[in-house]
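For reference, the structure discussed in these notes is given below.
The values are calculated or read from the model by the stated rules, or taken from the named source; none is laboratory data. As the structure is a prediction and not an experimental result, all values here were calculated from the model. Backbone-built Cβ (ideal geometry, glycine too); neighbour counts: all protein chains shown. In case anyone asks, the SASA skips ligands and DNA or RNA and just uses the protein heavy atoms, side chains included. Shrake-Rupley method; radii C 1.70, N 1.55, O 1.52, S 1.80 Å.
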Protein chains: 2
Amino acid sequence: MRATPIFAAIEAGGTKWRIAVGTSVKQSSCIEIRTREPDETLDEVLAFIEREVELQGSLAGLGIGSFGPLGIDPSMPDYGVIGRTPKLNWKDVDLKAIARRLDVPYQIDTDVNAAALGELDARAPLQGKLIYVTVGTGIGGGVAERGIISSGIDHPEMGHVPVRRVAGDDYPGCCPFHRDCLEGLASGPAIEARWGADLSALGSDHEGLPLIAHYLGQLVVSLTLVMAPMKIIIGGGVSQAPGLLDQIQQEAHRQLGGYLSRYDELDSLVSLVQGPMLGSNSGLHGAFLLAHQAAQAET
Amino acid sequence: MRATPIFAAIEAGGTKWRIAVGTSVKQSSCIEIRTREPDETLDEVLAFIEREVELQGSLAGLGIGSFGPLGIDPSMPDYGVIGRTPKLNWKDVDLKAIARRLDVPYQIDTDVNAAALGELDARAPLQGKLIYVTVGTGIGGGVAERGIISSGIDHPEMGHVPVRRVAGDDYPGCCPFHRDCLEGLASGPAIEARWGADLSALGSDHEGLPLIAHYLGQLVVSLTLVMAPMKIIIGGGVSQAPGLLDQIQQEAHRQLGGYLSRYDELDSLVSLVQGPMLGSNSGLHGAFLLAHQAAQAET
């Protein structure tokens, strides 16, 4: 009798990793570990997966959604290798090492691309592009379409787009590369530096909410004008501030200025810009889908 | 003996139309007519195509690249129908009427999407997304990838993205919807309103050149961060100002701020951002490719 085929899914973050082994997020054993030094972290990940595989069955595929920058082109030597990250010891770490040790088919992409894939699947059958934007320690985005991740010659870095400053906002911005790009003005660290607390703690009457909504609304407008997506999902820690999503929808509607007839009504923005259907599991679900795709590509 | 299969390609612009009948732009009879009232214009287009078909052979396909906004989804009733345009009499004009009268397979898309397709083909085999940006009376963009046009639920409208103002630039902008979006600040009419002449006439020492390059550089940066294209082609009348392309490449390099390692060197921006290889024929060549694709889809 052949063992049940199971899959391993990894969401690799800058502060924590989540690892699930089973057939789906719901049907899996899952742990969450703190991100430490690379060797230590990878050893713990591998130990968990190997133990679970022994308990559950035969590992058919591995999917990893990781923080970046990250090589995502399977034909390139830097596939699965972490690039210039502020987490210095993680630069040049090759996540392919996990798959090689497990000797299993794998796919590796960014955490937000995996989350886009997960949310697209949760909304099947959705036609058109789905963009997943995370707003947390950083701001990043991923794109999925027709059941697969859709990138260019590299993964998107949409958190760093230039934005137009709101009049009177004199916070200089905290991006080490661009100072006041979107991430520099509206990420979690920018919010903390501006007001000494996170957006949820500030409350729904605080001036911070409309300001951050204005900047994230600009991203929604730019993405809509450039890519015409079917859905833009706003996830990540900052996005959970009560009332923020409503204000982003309103801001995007206002900033579009009646230009695109399909967004004449505010309701159409409410349909375009949504929170994640899978809560905090979008990325891990996407990593399972990557594991499935890896297994299918092998057969 | 069967007549030689020939194709009709139309580039429909707000001020002029170009129509070519033959097997390619080089092997075709081509006319250029001024855009007048819809009925009059379409009659002249049809008369030319019908005459040429009689002379040359049997019409196998029609491709149209048109000004927009335009319905581009073949499954929708507004496919090939011109939307809210300032050219009032052209609103709701159905370009499918041309194909119906000719009784021929057809594909219709925007002028800039067709131009993107044409430039992609001219650079074959190019991997990755190619974005074609036109800077003229308006600013618009199209995307092609893997031999086909790549749109979302609608064609891009990237000319209207919000941009960050250059310090000291107090021109209010001329976009009737957004005032100082990219098109409002950097299109031909904005340049004319700012300095009373077109950018080429102002000369390469005029302050206008770096200012317009700054705004177009912002678009290049945003597109690169959001879509990671392989090429961004800058076409259209304004783009021909001597020295502009160089300054856009330099601005984009500066504004990226060393964030993306693949663009560390200025040369990499020179490779990313280029003028059209086909000169003013990108769109018409793309329309021929659409005609070929229509004929292939039929068989």
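Couple of notes before you dig in:
- When residues of region A:180-197 are limited to those that are free of Cβ contacts under 8 Å to residues at least 40 places away in the same chain and open to solvent by 40 Å² or more (accessible area, probe 1.4 Å), the one farthest from A:V221 (Cα to Cα): A:G196
- Residue in region B:71-86 that is least open to solvent (accessible area, probe 1.4 Å), counting only those that are within 17 Å of the chain's Cα centre (by Cα) and aliphatic (A, V, I, L, M): B:I82
- For region B:87-121, residues that are outside any loop (DSSP other than H, G, I, E, B), open to solvent by 10 Å² or more (accessible area, probe 1.4 Å) and of a type in the set (V, I, T) total 1.
- Residue list for region A:241-261, restricted to those being open to solvent by 30 Å² or more (accessible area, probe 1.4 Å), assigned to a helix (DSSP H, G or I) and modelled with pLDDT of 95 or more: A:L245, A:D246, A:Q247, A:Q250, A:E251, A:H253, A:R254, A:Q255
- Test result for B:A193, more than 14 Å from chain A (Cβ to nearest Cβ), farther than 30 Å from A:P69 by Cβ, outside any helix (DSSP H, G or I) and over 19 Å from the mean Cα position of the chain (by Cα): no
- Among (1) under 30 Å from A:L59 (Cα atoms); (2) buried (at least 21 other Cβ atoms within 10 Å of the Cβ); (3) of a type in the set (G, A, S), the one test that A:A297 misses: (2)
Each row is one residue, and each column tells you yes or no for (1) in contact (Cβ under 8 Å) with a residue 60 or more places away in the chain; (2) away from every other protein chain (no Cβ under 14 Å).
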{"site": "A:T41", "(1), (2)": "no, yes"}
{"site": "A:A47", "(1), (2)": "no, yes"}
{"site": "A:V53", "(1), (2)": "no, yes"}
{"site": "A:P69", "(1), (2)": "yes, no"}
{"site": "A:I72", "(1), (2)": "yes, no"}
{"site": "A:D78", "(1), (2)": "no, no"}
{"site": "A:V81", "(1), (2)": "no, no"}
{"site": "A:D94", "(1), (2)": "no, yes"}
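- Scanning region A:216-237 for residues that are part of a helix (DSSP H, G or I) and more than 14 Å from chain B (Cβ to nearest Cβ) returns no hits.
- Selected residue (criterion: nearest to B:I72 (Cα to Cα)) from residues of region A:133-143 that are within 12 Å of chain B (Cβ to nearest Cβ) and aliphatic (A, V, I, L, M): A:V143
- Every residue from region A:122-143 that is small (G, A, S) and open to solvent by less than 10 Å² (accessible area, probe 1.4 Å): A:G141, A:G142
- When B:P162, B:P176 are checked against the criterion of being under 30 Å from B:I72 (Cβ atoms), modelled with pLDDT under 95, more than 19 Å from the chain's Cα centre (by Cα) and not basic (K, R), B:P176 stands alone in meeting it.
Listed here are the residues, each with its yes/no results for (1) modelled with pLDDT of 95 or more; (2) under 21 Å from the mean Cα position of the chain (by Cα); (3) not hydrophobic (A, V, I, L, M, F, W, C).
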residue	(1), (2), (3)
B:A122	yes, yes, no
B:L130	yes, yes, no
B:V133	yes, yes, no
B:G141	yes, yes, yes
B:R146	yes, yes, yes
B:D170	yes, no, yes
B:G203	no, no, yes
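- Answer residue from region A:144-179, given it is open to solvent by 40 Å² or more (accessible area, probe 1.4 Å) and part of a strand (DSSP E or B) and is nearest to the other protein chains (Cβ to nearest Cβ) among those: A:R179
- Residue in region A:238-246 that is under 18 Å from the mean Cα position of the chain (by Cα) and within 10 Å of chain B (Cβ to nearest Cβ) present: no
- For A:S24: the one exception among (1) open to solvent by 40 Å² or more (accessible area, probe 1.4 Å); (2) over 26 Å from A:G138 (Cα atoms); (3) in contact (Cβ under 8 Å) with a residue 60 or more places away in the chain; (4) of a type outside the set (A, V, I, L, M, F, W, C): (1)
- Subset of region A:120-132 (residues that are aliphatic (A, V, I, L, M) and away from chain B (no Cβ under 11 Å)): A:L120, A:A122, A:A124
- Any chance B:R262 is free of Cβ contacts under 8 Å to residues at least 12 places away in the same chain and charged (D, E, K, R): yes
- Of the residues making up region A:218-233, those that are in contact (Cβ under 8 Å) with a residue 40 or more places away in the chain, open to solvent by less than 10 Å² (accessible area, probe 1.4 Å) and aliphatic (A, V, I, L, M) number 6.
- Among the candidates B:S271, B:S280, the residue that is open to solvent by 40 Å² or more (accessible area, probe 1.4 Å), part of a helix (DSSP H, G or I), closer than 30 Å to A:G71 by Cβ and small (G, A, S) is uniquely B:S271.
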